[in-house]
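The values are calculated or read from the model by the stated rules, or taken from the named source; none is laboratory data. From a predicted model like this one, the values you see are computed outputs, not experimental measurements. No Cβ is skipped: glycine too gets one built from the backbone with ideal geometry, and neighbour counts run over all protein chains shown.
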């Protein structure tokens, strides 16, 4: 089998990785799954690729509406068995009923045009007893700073991230349960310090009138100077450290991100 190219697992579980908790909770939900996993809204495919490294028995299919991201994911994993990507939307998943043992939707529901229809499609393609793992920001929840700066922050998350729906925890759990899922457990992440940092981040990119798709990660990839690149990498490492440190102390409190494990009844 061809080796998959992505960040080493050792780094992904370090306190300096911003993706550590997202990967950790997904792995916990999928630990007993065998068969096919649909990575809905797979983006550049990196999360699914990391899961594949830990659970090589899974056949992972990424579905992503952005054809450029699909092409990039295919190029990165060319020749790897059990990993494939295609273009498509959550509102119309191009697979028959009961096609998957599990579905992963990481930061997807806030982006789609019709989240209830997307959840209905997810329920349709998951086999009874299958696992649905979702990660969704709660931008309308009163425990989250985004709620109190809603008018200001929402226009910016919509512009810079393409968010369509600001959820509350109650609303999101009810929408998932409505489509025949039983909520098994939840986790929270991204607490107060991270939320303050994110508010400052949106103020910064808005004040400088940066691109709607600007990100520090992209800036790291574009920098040619060694010093500039190291500075940007330090920013990403600080963000990861803050996310993980807060979770260690505040993990029993509500947070900005809600990670959900649900079972298809």
Filtered residues of segment 30-66 (kept if in a strand (DSSP E or B) and within 16 Å of residue 100 (Cα to Cα)):
36, 37, 38, 39, 40, 59, 60, 61, 62, 63
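Tell me the residue from 108, 144, 125 that is more than 12 Å from residue 262 (Cα to Cα) and either surrounded by fewer than 16 Cβ atoms within 10 Å (Cβ to Cβ) or modelled with pLDDT under 95 (or both), please.
144
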Kindly evaluate residue 74 against the criterion of being free of Cβ contacts under 8 Å to residues at least 40 places away in the same chain, out of contact with any strand residue (DSSP E or B) (no Cβ under 7 Å at 6 or more places or on another chain) and not in a loop (DSSP other than H, G, I, E, B).
no
Contact list, first residue from segment 93-115 and without any contact (Cβ under 8 Å) to a residue 12 or more places away in the chain, second anywhere and part of a strand (DSSP E or B) and crowded, with 21+ Cβ neighbours inside 10 Å, beta-carbon distance below 6 Å, six or more apart or interchain, is none
From (1) over 20 Å from residue 106 (Cβ atoms); (2) surrounded by 13 or more Cβ atoms within 10 Å (Cβ to Cβ); (3) at pLDDT 70 or above, pick out the condition that doesn't hold for residue 253.
(2)
Can you tell me which residue is farthest from residue 134 (Cα to Cα) among those in segment 16-25 that are within 10 Å of the chain's Cα centre (by Cα) and not in a loop (DSSP other than H, G, I, E, B)?
23
